[in-house]
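Report on the following structure.
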Amino acid sequence: MSRQFGISTTAIHGIPHRRADWTPVAPAVQQSSTFTNPVGKDDEILYSRYGNNPNQLALAAKYALLEGAEDAIFVASGMGATALAHLAVLRPGDHLIASSWIYGGTQYLFDQELARFGIEVTYVSPDHPWQWRKAVRKSTRAIFVETPTNPVMRIIDLSPIAYVAEEEGLALLVDATFASPVNFRPLEYGADVVITSATKYLNGHSDVIAGAVAGSTSFVEEVNRLMRLWGQALDPHAAWLIDRGMRTLALRMERHNQNGLAVAQWAERQSGVAKVHYPGLPSHPDHARAKKVLNGFGGMVGLELKGGAKAAEQFLNRLKLVTHAPSLAGVESLISEPRLTSHKSISPEARAKIGIPDGFLRLSCGIEDAEDIIGDLEQALK
Ligand SMILES: Cc1ncc(COP(=O)(O)O)c(C=O)c1O
């Protein structure tokens, strides 16, 4: 089968098979909480909270193929995926090392919730890679990294981290939501577990909340056990919608990559723009690494306007095509201010330290015509 972006046709469309006459081309949604049970048998019970509804299972198998994983599982949100993946590897008294460049919600989960289980977290700046090993304690069980990072689009070199993880017997968990498996597959770079908010590129249509994790069969089994007990299963209809979205994932990513690059290159030429954060630009600190490890630079662009927060608000008020809304990675262009959305839970000082000053704008380029997106940004900038 031919491969595009290193992804086989089978991963997107399933294993080719001749269909019988008069069968539906689109898969059916099995919108049922429960299924009939053979009398007197103790076979596995089919119950949608157990994640074994046919739509849930088909979707997970497809995603595992995309990530190159043994197995995968979908849950009710990206946060649910992050929480369950960590609960699967950490026990009370354990220690986690996390990158300091992570989604604000994830940091809040680590600081507020993992602490309640007696799990300590040490943050390491990926700018100082020697600190990964320095942070390891006897009680360390795992390392968590997000790449590309939200919202400054830093691309983290996983190899030194994977090396430390392997030597010390730690699990390496990577949230690669901003790339999608089309642009970057962490398991190919030494990660043990990949976490994604399926709300974003996987589904791609801004109409579903979901998350997924992929890794070894034994790891996914443990996440599955926790998902059942903590009530995190994905609704079958949401699974069906994501499955539909995933059929155009590679195509959408191709356009997101083109639009992201066109918008970033345009923005860098504008006198009203102080800084553009996009790994496809030679000015980005990780451009060389991005060219090596990413199949595409993605649709996410960070913009700092001259004039700070006030200029950003004026700009947002003038936009027409680009919609002011949190979230990202849908077919339509969205823009938000991380200080009021994804990084709201972090203090202004801590935000500035990780490169997100007030007035920072996070633009998610959709799949519209690049000229139309740029035209809207241009009129708002004037
Ligand atoms: C990088 C990253 N991971 C995880 C999440 C959480 O995903 P969800 O909103 O689906 O729970 C987000 C949400 O924006 C995110 O940006």
So what J values fall out for the range 86-99 if you push phi through Karplus, 6.51 cos²θ - 1.76 cosθ + 1.60 with θ = phi - 60°, rounded to Hz, Gly and Pro as x?
-> 6, 5, 6, 10, 10, 10, x, x, 6, 10, 10, 9, 10, 5
Under 15 Å from the Cβ of Arg252, count the other residues' Cβ atoms, weight Lys and Arg +1, Asp and Glu -1, and hand me the total.
-> -2
In order through the range 355-371: 3J(HN,Hα) via Karplus (6.51 cos²θ - 1.76 cosθ + 1.60), integer Hz, x for Gly, Pro = x, 10, x, 4, x, 5, 10, 10, 9, 9, 6, x, 10, 5, 5, 4, 4
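Restricting to bridges with both residues inside the range 140-280, how much of the DSSP beta-bridge set is antiparallel, in percent to the nearest 5?
35
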Which whole-number value in Å² is the accessible area per residue of the range 343-382, probe 1.4 Å?
-> 47
Accessible surface, the range 141-210, averaged per residue in Å² (probe 1.4 Å) | 27
Just the number, please: carbon plus sulfur as a percent of the accessible area of the chain, 1.4 Å probe, no ligands or DNA/RNA counted.
-> 53
Could you pull out every one of the aspartates and glutamates with an alpha carbon less than 16 Å from that of Lys291, ignoring same-chain neighbours closer than 8 positions?
-> Asp157, Glu188, Glu254
Report the local net charge at Pro279: Lys and Arg +1, Asp and Glu -1, summed over other residues whose C-beta lies under 10 Å from its C-beta.
-> +2
Sort the range 48-169 into rounded, prolate or oblate with this rule: let a ≥ b ≥ c be the square roots of the eigenvalues of the Cα gyration tensor; rounded if a/c is under 1.5, and if a/c is not under 1.5, prolate when a/b is larger than b/c, oblate otherwise.
-> prolate
Roll a 1.4 Å probe over the protein chains and send me the accessible area per residue for the range 1-116 in Å².
-> 55
Using mean Cβ contacts within 10 Å as the protection proxy, how do 265-278, 33-46, 312-325 order, highest first?
-> 265-278, 312-325, 33-46
Taking amide H positions as placed in the peptide plane 1.01 Å from N, state which residues far from Glu146 in sequence (5 or more) or on other chains have amide H under 5 Å from it.
-> Ser99, Asp175
What's the extension gain from Ala135 to Arg247 if we count 0.36 nm per residue and subtract their Cα-Cα distance?
-> 36.2 nm
Asserting the computed 222 nm helical MRE of the chain (DSSP H runs at least 4 long, -39500 (n - 2.57) per run, divided by residue count, to nearest 500) equals -10500 deg cm²/dmol
Mind listing the long-range amide H neighbours of Val273? Cut-off is under 5 Å, sequence gap 5 or more, other chains count too, H placed in the peptide plane at 1.01 Å from N.
-> Lys306
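The values are calculated or read from the model by the stated rules, or taken from the named source; none is laboratory data. Note that the structure is a prediction, hence the values are computed from the model and not measured. Backbone-built Cβ (ideal geometry, glycine too); neighbour counts: all protein chains shown. We work out accessible area using only protein heavy atoms, side chains counted, and drop any ligands, DNA or RNA first. Shrake-Rupley method; radii C 1.70, N 1.55, O 1.52, S 1.80 Å.
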